[in-house]
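Each reported figure results from applying straightforward, stated rules to the coordinates on display, with no laboratory input. None of the values given here were measured: they were computed from a predicted structure. Please note: Cβ atoms are built from the backbone with ideal geometry, for glycine as well, and neighbour counts cover all protein chains shown.
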Protein chains: 2
Amino acid sequence: MTYCLALQLDEGLVFASDSRTTAGVDFVSTYRKLFQFQPTPDRFIVILTSGNLATSQEAVDRIRRDLDATDATSLRTVKYLFEAAQYVGRVLVAVQADHAAALRESGADGKATFIVGGQIAGRPPGLFLVYPEGNYIAASPETPFLQLGEFKYGKPVLSRIATENLSIDDAARLALVSIDATMKSNLSVGPPVELAIYRRDELKLARHLILDEQSALLKAVEQRWDHGMREAFRHLPRFDWETDAR
Amino acid sequence: MTYCLALQLDEGLVFASDSRTTAGVDFVSTYRKLFQFQPTPDRFIVILTSGNLATSQEAVDRIRRDLDATDATSLRTVKYLFEAAQYVGRVLVAVQADHAAALRESGADGKATFIVGGQIAGRPPGLFLVYPEGNYIAASPETPFLQLGEFKYGKPVLSRIATENLSIDDAARLALVSIDATMKSNLSVGPPVELAIYRRDELKLARHLILDEQSALLKAVEQRWDHGMREAFRHLPRFDWETDAR
């Protein structure tokens, strides 16, 4: 399983992902799920991957190969970011179709779902979730975050706190807290945690952290959040039958 | 969908459930999911239901009918609480089997999953989750809570805070917070929220609340928890590149 998320803020974009890949409990490995592309100086694109690892890797390989071709649509040629999402969707559909018959026979699920985000100079940043079927949805002011994979455990805190006017550093902290809740609940989501911050109009990552289990930052966030949750719990209202005046 | 949970504490048991039942988005209704049984003065048993509503209702009807029979196993005749879980499991399997062929034909899922908890005098309280297949698992000191239905959204806070030595009122508050997180994330889980507190050796409910959307208690818990989470978020550690000394 996987947990990736991305937030679209007034100040820019935040991307975060775990790095655990599992094919059964006895085949657990670590793979990065965040890929950066800057095929020309006027654009910067990040892709987060989830789902079948073979599909994800082949799709990323094809996306890279298309950058070398002079005649093909690619992340280099698209004029709008939504066209990048459309294009990534077509690549996903093509990879899945190539292996569909064999996968069906073995009963395996070859589906993969990606997040595509970034900016093309002169236009605002954008964030899209691309489905295995090749279509997409965009983040919006009302729904400023998108999630991939094991999304439920980490969603309540996002729904509560994520707004587009959050500072980009606060959004990065929120992403860490959301991943922390997920890692604590599902063993198939695990470190290192990759965190990338893109500031509007910079056309490169402002920050890119890879936080492993020993990361002091990750530990500090976990401990403070745990402490804060316990404090919040301690301050909940009493039932009317409770007499102690805590 | 449904969200029910129960906690097993040193002081007793806490049961909580939402009351929303859906068969598609245009057929949303309210059904209680918490059922109490005291067939003889030496025992008190609570059942929480989830899954197919028809299966759940027929199973509860049969469990009640069996109480009138003099020759059948029932909640009246079992000697251990695990036997009550076994018995409820057999009823679930029988109801599902009776409708299996027709349900298969229509493509509907007739499965239901129950929580069975309570106490038989002279033995400790117990808490069991009974699967649609008729088998069960018990709560334990290491895992003092069981959940039914849409469990993921409300699990992180339980994993963090639930221990068997929590006071029973704290556990009831925790159950409300867990249900609040779930109701905020999934529209198919909704009020009224039913909350029941069973104190060890009392063989009756100490408290039984039905909290609708207007409930001042539910609103107060929601508001304080929201405030507490925001405070926890505000106090997360800064990244090393942040200069402001908040």
- Message: Going Cα to Cα from A:Lys111, which aspartates and glutamates come in below 13 Å? Please leave out same-chain ones fewer than 8 positions away.
- Response: A:Glu58, A:Asp98, A:Glu133
- Message: Just to be sure I understand the model, the point goes 7 Å from the Cα along the line to the Cβ. What's the resulting A:Thr40 to A:Asp61 distance in nm?
- Response: 2.8 nm
- Mind putting a number on the dipole of segment A:3-210 about its Cα centre? Charges go on the C-beta only, +1 for Lys and Arg and -1 for Asp and Glu, and I need it in Debye to the nearest 20. 140 debye
- Note on the structure: At q = 0.10, 0.11 Å⁻¹, the log10 of I(q)/I(0) for the protein assembly as shown from a Debye sum over equal Cα scatterers comes to -0.86, -0.99
- Query: Cross-link partners among lysines for A:Lys155, C-alpha distance below 17 Å, same-chain residues fewer than 8 apart left out?
  - Reply: A:Lys184, B:Lys152, B:Lys155, B:Lys184
- The correct pairing of chain A residue and whole-Å distance, for the Cβ nearest the axis that maps A onto B, is A:Lys152, 2
- For B:Gln223, go 7 angstrom from Cα along the Cα-to-Cβ vector, then report the distances to that same point in the other copies in nm, smallest first. 3.5
- Where the centre of each part is set by its Cα atoms, how far does segment A:1-62 sit from segment B:217-239, in angstrom? 31 Å
- How large is the convex hull of the Cα atoms of segment A:69-111 per residue, expressed in Å³ as a whole number? 66 Å³
- Query: In chain B, with Lys and Arg counted as +1 and Asp and Glu as -1 at Cβ, which of these residues, B:Phe44, B:Val28, B:Pro191, has the Cα nearest the positive end of the dipole, that is, farthest along it?
  - Reply: B:Phe44
- Per residue, the convex hull enclosing the Cα atoms of segment B:51-175 spans a volume in Å³ of 124 Å³
- Task: Would you mind computing, in nm to one decimal, how far apart the modelled labels at A:Tyr80 and B:Ser106 are, each placed 7 Å from Cα along Cα→Cβ?
- Result: 4.5 nm
- Computed [θ] at 222 nm, helices only, for chain A once each DSSP H run of length n ≥ 4 contributes -39500 (n - 2.57): -11500 deg cm²/dmol
- Query: Peptide B:153-163: average number of partner chain Cβ atoms within 10 Å per residue?
  - Reply: 5
- Item | Intensity falloff of segment B:176-246 expressed as log10 I(q)/I(0), Debye formula with alpha-carbon point scatterers, at q = 0.20 Å⁻¹ | -0.90
- Stretch B:Arg230-B:Asp98 to full length: gain in nm at 0.36 nm per residue minus the Cα-Cα span? 42.5 nm
- Note on the structure: Between A:Ala112 and residues 5 or more places away or on another chain, the pairs with built amide H atoms under 5 Å apart involve A:Asn52
- Item | Long-range tail of P(r) for chain A (Cα pairs > 28 Å, %) | 35 percent
- Enter the angle in degrees (range 0 to 90, nearest 10) between the Cα long axis of helix B:216-234 and the first principal axis of the Cα atoms of chain B, meaning the one along which they spread out most. 50 degrees
- Output field shielding_mean for B:212-223 (other chain Cβ, 10 Å radius) holds 1
- Query: If Lys and Arg each add +1 and Asp and Glu each add -1, what is the summed charge of the other residues whose beta carbon sits under 11 Å from the beta carbon of B:Glu164?
  - Reply: -3
- Message: Using the Cα centre of the protein assembly as shown as the reference point, and only Cβ charges (+1 on K/R, -1 on D/E), how large is the resulting charge dipole? Debye, rounded to the nearest 20.
- Response: 220 debye
- Rounded to whole Hz, the Karplus (6.51, -1.76, 1.60) HN-Hα couplings of segment B:28-43, x for glycine and proline: 10, 9, 10, 9, 5, 10, 10, 10, 10, 9, 9, x, 9, x, 8, 8
